[in-house]
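Worksheet for the structure shown next.
What follows is calculated from the coordinates using simple rules that are stated; it is not laboratory data. These numbers come from a predicted model, not from an experiment. Don't worry about glycine lacking a Cβ; one is built from the backbone with ideal geometry, like all the others, and counts go over all protein chains shown.
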Amino acid sequence: MPQLKALDGNRVVAEGARLARIQVAAAYPITPQTPIVEYISEFVRQGQIKAKYIAVESEHSALSAVIGASLVGARAFTATAGAGLALMHEITGVAAGNRLPIVMAVTNRALPSPWSLQVDHSDSMGERDQGWIQLYAENCQEALDLVLFGYRLAEDSRVRLPVMLCLDGFYVSHTTEVVSVPDEEEVDRFLPPYRLQNVYLDVDDPMSVNALTSPNIYTEIRYEHFQALKRSLTVMEEIGEEFYQHFGRRYAPVEKVELEGAETVFVTLGSMSGTVRHMVKEWRRKDVPVGLLKITSFRPFPKALVRDALKEAKQVIVIDRSAGLGSEGPLSLEVKAALYGLSPAPAVYSFIGGLGGRDFTLATLEKTLEKARELYAQGLVSSGSIWVDVKEAGD
Amino acid sequence: MSIKQTSRREGPYAYKPADAKTGAWRQERPKVDLDKCNGCSTCTRYCPTGIMRVKDKKLCIDYTYCKGCGVCVTVCPRQALKMVPEEGPSYASA
Amino acid sequence: MEIVARTMMRVLGPKTIVLTPPSCSAIITGYGRETGWRVPAFQSNLENVAAYASGIRAGLEILGKDDINVVGLAGDGGTVDIGLQALSGAVERGHRFIYICYDNEAYMNTGIQRSGATPQGAWTTTTPGGKAEAKKDVVAMLVAQGIPYAATASAGYVEDLARKIEKAKNVNGPSYIHVHCPCSTGWRFPARNTVLVARLAVETGLWPLYEVENGILRITRKVKELKPLEEFLRAQGRFAQITPEQVKRWQEEVQANYQRLLAKEGQRWN
């Protein structure tokens, strides 16, 4: 029987890892992920997880060790945040390029500099082209569920890709919510044991993995990877349905909230979706025709689904929790690309806010709606990213 | 919509045993004096290319891969090996 | 390096997983769809051989596959410089793996750039006037960490190397073998002299062959009368710029070090 418990984001990730029966975990402590590694160490000690926990000496080694374990047939897990993920960057491409079904939890934290301990999506955005599947959890329930969902998706023979599960640092990782912890037996029915497939290190079937390639074959290997990411969207929907059958909660690349008749649709990632969800309810009560399109899968970006969901809207408000320096917010660029060529197309207004842990308040949200309407009234159908919560000089 | 199951391996992996005929690289080849050779196998343990073999207490050299580095000559305890210029087809065995 | 690789496989056998970083040894791991290993092998990044070894060993252990060797074959660059963190971490955690460093005293695969293992006075492309700094002693670092087995070895003495690899194979923890591995291209001498140059390093006392087993030192090849260091230096073009004064100073250092080592024989290293 599933159990209702009051747990925080870090704890539920550890629960998810436990339920997923991970066999090797290697992780390095970094705020705000540290409780994850602490819980896993404790679970291993108590025998709740039958796994080896490697207290590695850096994040770079954490992912390397996890890749090694995965290659010999162990279900492997790691977690990190912020600068730790940046340190891992040299290896994230190795995990994805070798098509290994690793799940990594990232408690989103701003990348330095400036230094911050708090939430910002710049860390995971820095990995967006590495070839991982990137899923964003809105709350603790999602954080737990997506660990299980993640392994099932990653290990699917049509996918074989690592999954980065992003949960907002502190806002989700350290916030206690009531979650339904699935029944172990039900999880076993949903997630079968990991078995070696594709490329691996097995003395009974030797091969050399990850050797140098020539221009002759590099492109094709990369193309296979590209196709796998594309395929994974459809597989995600299938598994989402399966998940619903087992646990009663549905996951899909996007979630549509009150899009019926919505003239203005917000597009968000992570915990901010919860804020917008609440505001949408309030606005709708006052007959303001707004809706929310929550993106769960940022990679692969569900272009067709987004296009379809937004095509009737007049205005789209995209909120990025990362700066997208040198261009626009990364989420807004994806949305604009998804809508390209639509005629008529909704106006897309890109906002940047909530950086470095700044609370994205209901008041700030109101401001985005105001600003979008203002621009729309002026006939401007797009904007470069507007930094909506910048303090005025002298504040 | 169904996705075609793919059972082929995807990713950077190597499975074909490399078989470059490195014998074509050499400019000189080792020649063994079978009267001096007593099959001690020292050269087999120092040959970087692993082309030395002792059969019936005498040395056999696989010239298909011998690169002509000359290390064998320097380690033979009986000076039974010497380098001679490479002439004729490179792959001919001893 | 090939001499080291072949000796390694001769001793370890087919139930072995090999790790090679991008380096000279990577050429064996292969190119495209071709490989030179008949055992499972994986190309790491330059600095994380030991981290992969840790994860592989943990994976094998949790799956109950305990009869498989895990060995890293890395150069000096990927070990004493960029690889030091992962190596030190893996040794501290005590994973069962063998780390063989073939020390050709520079980043040879990328064209002879200096590393922390390049000896003083040696020419490399990035120390064209001869390296000013002394060679890093990673064996001493790992022994200080309490590694159960560490040894020096030489491509010039393959039976000594083979014995040490056999010992390493049976250690229930990490083991480290630092193999002096002359590179004819980088050290500037004819390829045929590879073994001779390696032996000169040992016979001049510059590269003593020893092992430290659970902290106790044992010299595995005692040289009765040390040859003059000059013989080793003059055999290679990379030391062409060394002055007689430098040779003299170095000779004294080598002899003093050798005597110190002899005195420690049979005792705790530190």
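Efficiency by 1/(1 + (r/R0)^6): what FRET value for A:Asp183 and A:Gln46, r their Cβ-Cβ distance, R0 = 30 Å, to the nearest 0.05?
Values: r = 19 Å, r/R0 = 0.65.
About 0.95, to the nearest 0.05.
Between A:Lys5 and A:Asp287, take the C-beta separation as r, use R0 = 45 Å, and let me know the FRET efficiency to the nearest 0.05.
Working: r = 38 Å, r/R0 = 0.85.
Approximately 0.70, to the nearest 0.05.
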Open item on the list: Applying a 10 Å radius around every beta-carbon, put A:160-173, C:161-174 in order of their mean neighbour count, most first.
Closed with: A:160-173, C:161-174
Open item on the list: Bin width 5 Å, origin at 0, all Cα-Cα pairs of region A:1-113: what percent of pairs per bin?
Closed with: 2, 13, 24, 24, 20, 10, 5, 2, 0, 0
Task: A:Gly291 long-range amide H proximity, modeled H, under 5 Å - done: A:Thr264, A:Val265, A:Phe266
Open item on the list: Exceeding 24 Å between C-alpha atoms, which entries from my cross-link table qualify? They are B:Lys58/C:Lys15; B:Lys58/C:Lys167; B:Lys55/C:Lys167; A:Lys286/A:Lys314; B:Lys57/C:Lys222.
Closed with: B:Lys58/C:Lys15; B:Lys58/C:Lys167; B:Lys55/C:Lys167; B:Lys57/C:Lys222
- [ ] Let me know the mean shielding of A:55-61 by other chains, meaning the per-residue number of their Cβ atoms within 10 Å of its Cβ.
- [x] 6
- [ ] Amide H neighbours of C:Ala106 under 5 Å, at least 5 residues apart or on other chains, H built in the peptide plane: list them.
- [x] C:Asp76, C:Gly77
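How high is the relative contact order of region A:1-85, in percent, with contacts defined as C-alpha pairs under 8 Å that are six or more residues apart?
Working: 117 pairs, mean separation 31.7, N = 85.
It comes to 37 percent, rounded to a whole number.
Across the residues of B:42-50, average count of Cβ atoms on other protein chains within 10 Å?
Details: counts 2, 0, 2, 8, 9, 3, 10, 3, 6.
Average neighbour count from other chains, rounded to a whole number: 5.
Counting other beta carbons within 10 Å of each residue's own, what order do A:Tyr340, B:Tyr13, C:Tyr107 fall into, fewest first? Before the final figure, lay out the partial values.
Details: A:Tyr340 10, B:Tyr13 21, C:Tyr107 26.
Fewest-to-most ranking of A:Tyr340, B:Tyr13, C:Tyr107: A:Tyr340, B:Tyr13, C:Tyr107.
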Task: Simple spin-label estimate for B:Cys40 and A:Thr361 in nanometres, 7 Å along Cα-Cβ - done: 8.8
Task: the protein assembly as shown - convex hull of the alpha-carbon atoms, volume per residue in Å³ - done: 200
Task: Ranked C:Trp250, C:Trp207, criterion: other C-beta atoms within 10 Å, fewest first - done: C:Trp250, C:Trp207
Task: Compactness relative to 2.2 N^0.38 Å, alpha carbon Rg of region C:70-133 - done: 1.24
Task: Footprinting exposure proxy for A:Leu292, A:Leu375, C:Leu46 (fewest neighbouring C-beta atoms within 10 Å first) - done: A:Leu375, C:Leu46, A:Leu292
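With the cut-off at 1.5 for a/c, could you classify region A:254-387 from its C-alpha gyration tensor as rounded, prolate or oblate?
Values: a/c = 1.15, a/b = 1.00, b/c = 1.15.
Rounded, since a/c falls under 1.5.
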Task: region A:3-247, relative contact order in percent, only Cα pairs under 8 angstrom and at least six apart counted - done: 24
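Evaluate the Kirkwood expression for the hydrodynamic radius of chain C, namely the inverse of the mean inverse distance over all pairs of different C-alpha atoms, and round to one decimal in Å. Don't skip to the answer; put the middle values down first.
On the way: mean 1/r = 0.0534 Å⁻¹.
Kirkwood hydrodynamic radius for chain C: 18.7 Å.
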- [ ] Quick one: which residues, 5+ away or cross-chain, put their amide H under 5 Å from the amide H of A:Ala347? H built at 1.01 Å from N.
- [x] A:Gln315, A:Val316
Open item on the list: To test your reading of the geometry: what angle, between 0 and 90 degrees and rounded to tens, separates the Cα axis of helix A:330-339 from the longest principal axis of chain A?
Closed with: 70
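May I ask you to compute the full-extension gain from A:Ser327 to A:Arg373, defined as 0.36 nm times their residue separation minus their alpha-carbon distance, rounded to one decimal in nm? Don't skip to the answer; put the middle values down first.
Numbers: separation 46, 0.36 × 46 = 16.56 nm, distance 2.30 nm.
Fully extending the segment from A:Ser327 to A:Arg373 adds 14.3 nm.
Taking beta carbons within 10 Å but only from partner chains, what does the mean come to for residues C:157-163?
Numbers: counts 1, 4, 2, 0, 1, 1, 0.
That works out to 1 on average.
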TODO: Multiply the residue separation of C:Glu92 and C:Arg38 by 0.36 nm, subtract the distance between their alpha-carbon atoms, and state the gained length in nm to one decimal.
DONE: 16.4 nm
Open item on the list: Once you place label points 7 Å from the Cα toward the Cβ at A:Asp204 and A:Tyr223, how far apart are they in nm?
Closed with: 3.5
Task: Spin-label zone in region B:16-41 - amide nitrogen under 14 Å from a point set 7 Å from the Cα of B:Lys82 along the C-beta vector - done: B:29-37
Task: Karplus-derived 3J(HN,Hα), 6.51/-1.76/1.60, for each residue of region B:13-27, Hz, glycine and proline x - done: 9, 10, 9, 7, x, 5, 9, 5, 7, 5, x, 5, 7, 7, 10
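Which value at 222 nm does the protein assembly as shown reach when only helices count, each DSSP H run of 4 or more adding -39,500 (n - 2.57), with the total divided by all residues and rounded to the nearest 500 deg cm²/dmol? Walk me through the intermediate numbers first.
Working: 24 runs with 270 residues, N = 759.
The helix contribution divided over the protein assembly as shown gives -11000 deg cm²/dmol.
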Open item on the list: Ranking request for peptides C:197-205, C:183-191, A:201-209: highest mean number of other beta-carbon atoms within 10 Å first, then the rest in descending order.
Closed with: C:197-205, A:201-209, C:183-191
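How much of the DSSP bridge set in chain C is antiparallel, in percent, rounded to the nearest 5? Before the final figure, lay out each step's value.
Values: 12 of 37 bridges.
So the antiparallel bridges amount to about 30 percent of the total.
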TODO: Relative to the longest principal axis of the C-alpha atoms of chain C, give the angle of the C-alpha long axis of helix C:84-93, reported between 0 and 90° and rounded to the nearest 10°.
DONE: 50
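Output the relative contact order of chain C, whole-number percent, from Cα pairs under 8 angstrom with separation of 6+ residues.
Values: 540 pairs, mean separation 42.2, N = 270.
Here the relative contact order equals 16 percent.
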Task: Calculated from backbone phi, Karplus (6.51, -1.76, 1.60) coupling profile of region C:203-218 in Hz, x at Gly/Pro - done: 6, 8, x, 5, 10, x, 9, 8, 9, 10, 10, 6, x, 9, 8, 9
Task: Where Rh is the Kirkwood radius over Cα pairs, Rg/Rh for chain B - done: 1.28
Task: Evaluated at q = 0.08, 0.14 Å⁻¹: base-10 log I(q)/I(0), Debye formula over Cα of region A:3-247 - done: -0.27, -0.87
Open item on the list: Explain nothing, just compute: Karplus ³J(HN,Hα) = 6.51 cos²θ - 1.76 cosθ + 1.60, θ = phi - 60°, for every residue of region B:58-71 in order, whole Hz, x for Gly and Pro.
Closed with: 10, 7, 10, 10, 8, 6, 4, 10, 4, 8, x, 6, x, 5
